[in-house]
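Peer 1: Please see the structure below; I have some questions.
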Amino acid sequence: MILINIDSLSTVELQHIAEQEGVDAWQDMDREELIDALEDAFGEQDDEPAQTIKGKINRNRYCNSLTSYRGKAYQVNGLPGTESLPECYHDTSIHLLLRDPQWAFAYWSLSHQVLEECVDEDGNELGRFFLRVSQCSSGASEVSSYDIDIDISDRQWNINLPEMGYCYHVDLCWRDRRGEEQSLAQSNTVEIAAPYWKHATEPFDGSLDQFCTHFSSLVTREGEIVDNAILRDVAHTLSKGVL
Amino acid sequence: MSRAHLSFILNAHLPFVRHPEYPRFLEEDWLFESISESYLPLLRMCNRLADDKVPYTFTVSLSPSLCTMLADPILAERYTQYLERHIELGEKEVARCKIEQPAFSDMAAFYLEAARTNFTDFVEHYKSNILEGFKDLEERGYLELVTTAATHAFLPLYKEYPSAINAQVEIGVQSFLTTFGHLPKGFWLPECGYYPGLEEVLRSHGISWFQTASQAMLLSPDKVANGVYRPVHCPNGVAAFPRDFNGTSLVWSNESGYPTDKIYREFYRDIGYDLPLGYIGPYIHEPQVRVFTGFKYWAITGKTDQKVPYDRIRAKKRTVEHARNFIYTLQKRADSLGPKLEEEPLFTLAFDAELFGHWWFEGVQWLEEVIRLIAAGDKGLAMTTPSRFLEREGERLQQVQPSFSSWGHGGYNAVWLDGANSWSYRHIHKAIERMEELASRFGDQMSLKQRFLNQAAREVLLAMASDWPFMMYNKSSAEYATKRVNDHLSNFNVVYSNMCKNAVNTEWLVKAEKRNTIFADIDYNIFNPER
């Protein structure tokens with residue numbers, strides 16, 4: 001194992017690690033000797049599984065304490081070795097996040113290989129990317145689907161989910177100039193359960209009391225219904241337009 | 001008169017903000033303001049009620065990130081300095097107002113006294129750790145303390161990553177155990193964010209109940225019998241307590257809630273912005289960054305710049321009126337519900353704790369008055385906590401599958417998945433996937449590698465905090481929030497890239513451990529999907 005910038009550690013920290021590693025006579029070593037000893041120790045560890053040194057240290061879950069070897073006056077001016085985040089990652093994948101029962105957010109990435117294959121030497125696209133949104137019943141059988149054309153530079157899209165009570169997933173697809181289609185990646189599935197009252201044939205059994213029981217809690221004293229579009233639809237339907 | 005139960009749940013949470021690398025750091029004031037204006041006043045209220053032998057009980061959720069900050073010696077020392085500056089400013093304000101603005105003299109003296117009281121309570125009574133105050137009140141039976149997700153992550157947006165959901169819940173529970181010495185029974189769902197199936201993770205960690213948004217009941221796929229007026233059992237037996245939207249909106253509505261009364265104190269007029277820099281300079285941030293000082297002298301008055309001076313006596317009378325109105329409204333609803341429900345109703349009233357005192361200056365007075373009125377016993381209302389309610393009525397709850405929901409705008413995920421913040425999920429999800437990969441490839445490491453991987457796990461969890469996407473959405477401190485997400489993810493990538501080449505960047509590790517000192521006992525193996 002390589003130890004990067006181990007010489008930036010304080011002597012107390014080096015002693016602490018040496019003690020943890022079971023380095024003999026670490027108390028008698030000066031700074032340089034500690035660094036040499038640790039580099040030797042960690043170099044040897046590369047070839048042996050971690051389990052072999054397990055017995056040396058009393059390792060309990062939730063008991064790995066941080067060291068407290070520097071005074072609080074120490075100031076850190078930015079952490080070393082960090083880099084900016086990439087714009088996206090170079091694997092081909094697509095993810096679907098539920099925003100509300102009517103909208104989801106999809107983001108995706110494309111590998112270098114896929115990107116190279118879909119353009120010619122002059123950079124002209126050899127086909128088109130598109131998203132295929134599939135609506136499935138709870139038994140996973142596909143009910144319907146629709147496509148969204150996307151540009152090669154697109155990496156995210158808001159996806160409309162037409163109906164509650166179904167599952168949805170999105171395929172990131174490619175259609176070449178001959179019209180042949182290929183799914184490059186499929187997203188996770190999101191499920192939108194339909195509220196009982198959305199399709200109840202006998203709303204609240206016709207009982208005003210029961211209606212009040214539910215809606216008295218969801219309305220402010222000024223008559224404003226809780227901020228939820230589905231709930232407003234349900235309330236409007238069940239109250240026959242009163243709410 | 002019908003009998004009804006009332007359960008207040010206060011969620012005390014702040015994101016982990018700790019920057020010892022700077023002499024003073026602006027966002028650390030979030031913690032200091034919350035301690036001064038909400039947490040200490042709430043503790044004083046609780047102890048006053050107890051001293052007066054007023055029977056009461058309610059629930060407080062203390063987030064692990066807040067608990068970490070409240071127990072941190074560096075932040076405690078900085079808070080003490082913050083109080084010293086406030087006492088000094090208070091003394092100057094008393095002298096200044098006496099000559100220049102006599103109408104504000106009463107409030108200047110009040111703020112000076114409040115700063116001195118906070119100093120005495122914090123330093124002498126609580127020995128710089130107010131968690132002891134909450135612990136004491138729980139031990140005496142007044143509070144039920146519960147936990148929440150490790151960094152208050154908005155869980156529905158991590159549903160596809162069971163290891164991350166589990167890590168948020170497990171570390172939330174374990175941090176609570178470390179802090180308070182016992183396991184929590186309840187779990188505050190951050191932002192009331194719920195998705196069907198989340199209860200399985202909660203149950204696996206011994207949680208008995210959680211709270212939900214109001215619409216989780218009416219939008220359930222099941223036929224709910226009692227609206228939000230009774231908790232329900234999820235299919236796996238964990239109880240869900242739906243928030244009473246009507247009751248909470250009496251307080252929380254931006255348009256018509258009690259805190260909008262024109263007599264109450266105006267939050268946004270503060271001498272940090274109003275007085276000359278030459279005077280206020282030492283009490284704001286360098287270089288001349290105006291901030292709230294907490295010294296506010298004006299009443300809301302109305303939608304005008306021409307404010308009238310705040311009158312503390314009038315405002316106190318109004319809190320009594322509002323407390324009576326609150327009790328009256330709940331009682332009327334209880335009476336109305338009585339014949340319709342088969343069981344006694346429960347009003348679950350969930351709020352952010354910082355609403356009381358910090359955002360709504362008179363909020364603590366109002367809450368105390370509400371509690372005293374209930375305790376007077378002639379209103380047919382009884383205070384309870386979810387756990388006590390379950391002990392009493394847990395056998396008689398309907399089984400219902402709550403619906404996907406949150407308490408945010410629109411009732412779902414839109415606040416935390418918006419044009420301003422959606423960019424972050426690509427990176428956070430990737431970090432979780434890579435953390436899972438690291439935990440699988442390098443399981444049970446020791447010493448430096450273990451510390452390196454533990455720090456990676458901390459960075460992933462810190463990036464997941466619900467506060468960052470909320471701030472981006474809300475355009476408040478959005479730059480800081482964006483920087484924090486970027487920093488945590490960049491930090492994580494240091495570990496990932498180094499581990500992939502079998503290296504440990506020790507310099508980074510030591511500094512990162514020093515900076516993000518949260519979850520001291522974390523074990524990165526928690527992210528191993530095979531666990």
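Peer 1: Residue pairs, Cβ under 6 Å, 6 or more apart or interchain, first in the range B:172-183 and over 15 Å from residue B:461 (Cα atoms), second charged (D, E, K, R). List them.
Peer 2: Listed pairs, sorted by first residue: B:180/B:135.
Peer 1: Something else now. I'd like to know if the range B:464-480 contains one or more residues that are assigned to a helix (DSSP H, G or I), within 10 Å of chain A (Cβ to nearest Cβ), surrounded by fewer than 24 Cβ atoms within 10 Å (Cβ to Cβ) and not small (Gly, Ala, Ser).
Peer 2: no
Peer 1: When residue B:197 is evaluated against the numbered criteria (1) crowded, with 17+ Cβ neighbours inside 10 Å; (2) at positive phi, which criterion, by number, is the only one it fails?
Peer 2: Unmet for residue B:197, out of (1) crowded, with 17+ Cβ neighbours inside 10 Å; (2) at positive phi: (1).
Peer 1: Working carefully through the options B:287, B:282, find the one that is outside the structural domain of residue B:8 (by TED's automatic domain parsing) and out of contact with any helix residue (DSSP H, G or I) (no Cβ under 9 Å at 6 or more places or on another chain).
Peer 2: None of the other options fit; the residue is B:287.
Peer 1: Okay, moving on. Filter the range B:237-257 down to residues that are over 24 Å from residue B:403 (Cα atoms), surrounded by 19 or more Cβ atoms within 10 Å (Cβ to Cβ) and either without any contact (Cβ under 8 Å) to a residue 24 or more places away in the chain or in contact with a strand residue (DSSP E or B) (Cβ under 8 Å, 6 or more places away or on another chain) (or both), then give me how many there are. Reasoning before the result, please.
Peer 2: Looking only at the range B:237-257, we keep the residues that are over 24 Å from residue B:403 (Cα atoms), and these are B:250-251, B:254-257.
So of that shortlist, the ones also surrounded by 19 or more Cβ atoms within 10 Å (Cβ to Cβ) come out as B:250-251.
Of the ones still in play, those that are also either without any contact (Cβ under 8 Å) to a residue 24 or more places away in the chain or in contact with a strand residue (DSSP E or B) (Cβ under 8 Å, 6 or more places away or on another chain) (or both) are B:251.
Looking only at that region, the number is 1.
Peer 1: Also: Among (1) part of a helix (DSSP H, G or I); (2) within 14 Å of another protein chain (Cβ to nearest Cβ), which single condition is residue B:35 missing?
Peer 2: (2)
Results for (1) at pLDDT 95 or above; (2) among the hydroxyl-bearing types (Ser, Thr, Tyr); (3) touching a Phe, Trp or Tyr at 6+ places or on another chain (Cβ under 6 Å); (4) within 29 Å of residue A:21 (Cβ to Cβ), shown as yes or no for each residue.
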| residue | (1), (2), (3), (4) |
| --- | --- |
| A:89 | no, yes, no, no |
| A:108 | yes, no, no, no |
| A:112 | no, no, no, no |
| A:124 | no, no, no, no |
| A:146 | yes, yes, no, no |
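Peer 1: Which of the strands (runs of 3 or more DSSP E) contained wholly in the range B:174-257 include at least 2 residues that are more than 18 Å from the chain's Cα centre (by Cα)?
Peer 2: So the answer is B:239-242.
Peer 1: Name the single residue, out of those in the range B:203-219 being surrounded by fewer than 24 Cβ atoms within 10 Å (Cβ to Cβ) and touching a helix residue (DSSP H, G or I) at 6+ places or on another chain (Cβ under 9 Å), that is nearest to the other protein chains (Cβ to nearest Cβ).
Peer 2: So the first thing to find is which residues in the range B:203-219 are surrounded by fewer than 24 Cβ atoms within 10 Å (Cβ to Cβ), and the list is B:203-208.
If we keep only those that are touching a helix residue (DSSP H, G or I) at 6+ places or on another chain (Cβ under 9 Å) as well, we get B:204-208.
Details: B:204: 15, B:205: 13, B:206: 15, B:207: 18, B:208: 22 Å.
So the residue we want is B:205.
Peer 1: Somewhere in the range B:515-522, is a residue of a type in the set (Lys, Arg), within 11 Å of another protein chain (Cβ to nearest Cβ) and either part of a helix (DSSP H, G or I) or crowded, with 19+ Cβ neighbours inside 10 Å (or both)? Spell out how you get there, then give the answer.
Peer 2: Step one: filter the range B:515-522 for residues of a type in the set (Lys, Arg), giving B:515.
Okay, now just the ones that are also within 11 Å of another protein chain (Cβ to nearest Cβ), so B:515.
Imposing the further condition that a residue be either part of a helix (DSSP H, G or I) or crowded, with 19+ Cβ neighbours inside 10 Å (or both) reduces the set to B:515.
Looking for residues that are of a type in the set (Lys, Arg), within 11 Å of another protein chain (Cβ to nearest Cβ) and either part of a helix (DSSP H, G or I) or crowded, with 19+ Cβ neighbours inside 10 Å (or both), one finds at least one in the range B:515-522, hence yes.
Peer 1: Next question, about the same structure. From A:226, A:170, A:190, which residue is within 30 Å of residue B:255 (Cα to Cα), within 33 Å of the chain's Cα centre (by Cα) and buried (at least 20 other Cβ atoms within 10 Å of the Cβ)?
Peer 2: That would be A:226, the only listed residue that is within 30 Å of residue B:255 (Cα to Cα), within 33 Å of the chain's Cα centre (by Cα) and buried (at least 20 other Cβ atoms within 10 Å of the Cβ).
Peer 1: Can you pull out every residue in the range B:1-39 that is touching a residue at least 24 places away in the same chain (Cβ under 8 Å) and of a type in the set (Phe, Trp, Tyr)?
Peer 2: B:8, B:16, B:32, B:39
Peer 1: Now a separate question. Quick one: is residue B:228 within 12 Å of another protein chain (Cβ to nearest Cβ) and in contact (Cβ under 8 Å) with a residue 12 or more places away in the chain?
Peer 2: The answer is yes for residue B:228.
Peer 1: Another question about this same structure. Under the condition of being at the interface with chain B (Cβ under 10 Å from one of its Cβ atoms) and buried (at least 19 other Cβ atoms within 10 Å of the Cβ), which residue from the range A:21-40 is modelled with the highest pLDDT? Give the derivation first.
Peer 2: Here is the first cut: in the range A:21-40, the residues at the interface with chain B (Cβ under 10 Å from one of its Cβ atoms) are A:21-22, A:38.
In the following step, the residues that additionally are buried (at least 19 other Cβ atoms within 10 Å of the Cβ) were identified as A:21, A:38.
Numbers: A:21: 73, A:38: 81.
Across the range A:21-40, the extreme among qualifying residues is A:38.
Peer 1: Let me ask you something else. Suppose we keep only residues that are among the hydrophobic types (A, V, I, L, M, F, W, C) and assigned to a helix (DSSP H, G or I) within the range B:403-451. Which one would you say is nearest to the chain's Cα centre (by Cα)?
Peer 2: Checked the range B:403-451; the qualifying residue nearest to the chain's Cα centre (by Cα) is B:428.
Peer 1: Taking the condition closer than 29 Å to residue B:249 by Cα and modelled with pLDDT under 95, does residue B:198 pass?
Peer 2: Answer is no for this residue.
Peer 1: Can you confirm whether the range B:486-499 contains a residue that is touching a Pro at 6+ places or on another chain (Cβ under 9 Å), away from chain A (no Cβ under 11 Å), over 30 Å from residue A:159 (Cβ atoms) and at pLDDT 95 or above?
Peer 2: no
For (1) among the β-branched types (Val, Ile, Thr); (2) in contact with an Asp or Glu (Cβ under 6 Å, 6 or more places away or on another chain); (3) not assigned by TED's automatic domain parsing to the domain that holds residue A:102, each residue gets a yes or a no:
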{"position": "A:149", "(1), (2), (3)": "no, no, no"}
{"position": "A:153", "(1), (2), (3)": "no, no, no"}
{"position": "A:165", "(1), (2), (3)": "no, no, no"}
{"position": "A:174", "(1), (2), (3)": "no, no, no"}
{"position": "A:200", "(1), (2), (3)": "no, no, yes"}
{"position": "A:208", "(1), (2), (3)": "no, no, yes"}
{"position": "A:219", "(1), (2), (3)": "yes, no, yes"}
{"position": "A:225", "(1), (2), (3)": "yes, no, yes"}
{"position": "A:243", "(1), (2), (3)": "no, no, yes"}
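Peer 1: Okay, moving on. Which one of these is within 13 Å of chain A (Cβ to nearest Cβ) and of a type outside the set (Lys, Arg): B:77, B:28?
Peer 2: After applying the criteria, what remains is B:77.
Peer 1: Determine whether residue B:368 is out of contact with any helix residue (DSSP H, G or I) (no Cβ under 9 Å at 6 or more places or on another chain) and not small (Gly, Ala, Ser).
Peer 2: no
Peer 1: What residue, among those in the range B:481-514 that are surrounded by fewer than 23 Cβ atoms within 10 Å (Cβ to Cβ) and in contact with a strand residue (DSSP E or B) (Cβ under 6 Å, 6 or more places away or on another chain), is farthest from residue B:201 (Cα to Cα)?
Peer 2: B:503
Peer 1: Which one is farthest from residue B:5 (Cα to Cα) among residues in the range B:235-250 that are of a type outside the set (Gly, Ala, Ser) and within 11 Å of chain A (Cβ to nearest Cβ)?
Peer 2: Going through the range B:235-250, the residues of a type outside the set (Gly, Ala, Ser) turn out to be B:235-236, B:238, B:241-246, B:248, B:250.
Checking which are within 11 Å of chain A (Cβ to nearest Cβ) leaves us with B:242-246, B:248, B:250.
Numbers: B:242: 13, B:243: 13, B:244: 12, B:245: 15, B:246: 15, B:248: 15, B:250: 17 Å.
Restricting to residues being of a type outside the set (Gly, Ala, Ser) and within 11 Å of chain A (Cβ to nearest Cβ), the top hit is B:250.
Peer 1: For the range A:166-243, please list each of the helices (runs of 4 or more DSSP H) lying entirely inside it that holds at least 1 residues being facing chain B (nearest Cβ under 9 Å), closer than 24 Å to residue A:106 by Cα and hydrophobic (A, V, I, L, M, F, W, C). Please lay out each step first, then the result.
Peer 2: On the way: elements: A:196-199, A:208-215, A:229-238.
Qualifying helices (runs of 4 or more DSSP H): A:229-238.
Table: residues versus (1) more than 30 Å from residue A:89 (Cβ to Cβ); (2) under 25 Å from the mean Cα position of the chain (by Cα).
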{"position": "A:132", "(1), (2)": "no, yes"}
{"position": "A:148", "(1), (2)": "no, yes"}
{"position": "A:180", "(1), (2)": "no, no"}
{"position": "A:200", "(1), (2)": "yes, no"}
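The values are calculated or read from the model by the stated rules, or taken from the named source; none is laboratory data. Here the structure is a predicted model, which means the values were calculated and not measured. As a convention, Cβ positions derive from the backbone with ideal geometry for all residues, glycine included, and neighbour counts pool all protein chains shown.
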